[in-house]
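Single-structure report; data block below.
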Amino acid sequence: MSIISFSHVSKKYTGDVTALSEISLDINEGELVFLTGPSGAGKSTLLKLIAGMEKPSGGMLQVSGQDMRKLNRTTLPFLRRKLGLIMQQQRLLNDRNVLANVMLPLIISGATTLEAKERAMVALERVGMLGKAQALPRTLSGGEQQRVSIARAVVHKPRIILADEPTATLDRENGRMVLDMIEAFNRAGVTCVISTHDERLLQDADRIVQLTQGKLIGIRSSDSEVGA
Ligand code: ADP
């Protein structure tokens, strides 16, 4: 069953930039999908549309049953609870320690401090960062910061993880570790959509969606290759 469904979706930014045009794509529950393509191809925009950070200019987009054209202040928080975002603009807060950063999404959605703390510690444990719970983010390495970002993204047990170039600033070893962690959530049933232009990371994908200049130019799946 598809959990994310694009039908002829386009996105234009002001200034007449067409970031995506006529994208049709269904992503099934539990899938591990990679988005590839050169810089400017529209990968971030596609993830932002799924996250409700941008609205489609045309076409039909559904995410977990929500018609994204009808997303509003009431429906957005419900959708966000199903999403774990590892996006480039969602940096860790440097005036709070690691534990407080991971607790924050739960506090915002109304959890008690005790509950948030317990769940944040479980999430940090899963990414091997419990030992650094009291550290400030800027004292961590890039790989460690990204692992904390993953903990923050999954602390509310999302059904879908969206990750925008999660390994871009990391060396090969740390990039592999971060990807392994995201894939572990996928094996536990979470649908994952990950953008990357690092070909080395693509071997584990169920499907690879290739974008160029806002167009979907191909879909490779583990057992077939289809031009779009
Ligand atoms: P990618 O993630 O593949 O690098 P993006 O989705 O960031 O691609 O960008 C796709 C196109 O949309 C590019 O031409 C980019 O300059 C443009 N774009 C992205 N965000 C904005 C914005 N907020 N306003 C105007 N143009 C944008």
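The values are calculated or read from the model by the stated rules, or taken from the named source; none is laboratory data. Note that the coordinates shown come from a computational prediction; the quantities given were computed from them, not determined experimentally. Cβ sites come from the backbone with ideal geometry, for glycine too, and all protein chains shown count toward neighbours. Surface accessibility is based on the protein's heavy atoms, side chains included, excluding ligands, DNA and RNA. Shrake-Rupley method; radii C 1.70, N 1.55, O 1.52, S 1.80 Å.
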Can you tell me the orientation of helix 98-108 relative to the chain, as the angle in degrees between its alpha-carbon axis and the longest Cα principal axis, to the nearest 10? 60 degrees
Neighbour net charge for residue 38 - beta-carbon separation under 13 angstrom, K R +1, D E -1: -1
Spin-label point model (7 Å from Cα, Cβ direction): what's the residue 122 to residue 7 distance in nm? 3.7 nm
Counting only the heavy atoms of the protein chains, how much of residue 79 is accessible to a 1.4 Å probe, in Å² to the nearest 10? 10 Å²
Per-bin percent of Cα-Cα distances, segment 74-228 [10 Å]: 10, 38, 34, 14, 4, 0
So if R0 is 25 Å, what FRET efficiency would residue 134 and residue 90 give, r being the distance between their Cβ atoms, rounded to the nearest 0.05? 0.70
Between the helical axis of 172-187 and the dominant principal axis of the chain, each derived from Cα atoms, what acute angle in degrees is found, rounded to the nearest 10? 80 degrees
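With a 1.4 Å probe and every protein chain kept in, tell me what percent of the accessible surface of segment 1-144 is carbon plus sulfur. Could the numbers behind the result be given before it?
Details: 3770 of 7300 Å².
The computed percentage sits at 52.
Net charge near residue 141: determine it from the other residues with C-beta under 12 Å of the C-beta of residue 141, scoring Lys and Arg +1 and Asp and Glu -1.
Residues close to residue 141 contribute a combined charge of 0.
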Could you please state, rounded to a whole Å, how far the C-alpha centre of segment 111-184 is from the C-alpha centre of segment 1-70? 25 Å
How much area per residue is accessible in segment 1-105 when the probe is 1.4 Å and only protein heavy atoms are counted (Å²)? 47 Å²
State the volume of the convex hull built on the alpha-carbon positions of segment 40-156, expressed per residue in Å³ and rounded to an integer. 121 Å³
Please label the shape of segment 1-81 as rounded, prolate or oblate, based on the square roots a ≥ b ≥ c of the eigenvalues of the alpha-carbon gyration tensor (a/c under 1.5 means rounded; beyond that, a/b larger than b/c means prolate, else oblate). oblate
Between helix 142-154 and the chain: long-axis angle, C-alpha atoms, 0 to 90°, nearest 10: 80 degrees
List the residues, sorted by chain then number, that are 5 or more residues from residue 35 or on another chain and whose placed amide H is less than 5 Å from its amide H. 194, 195, 196, 209
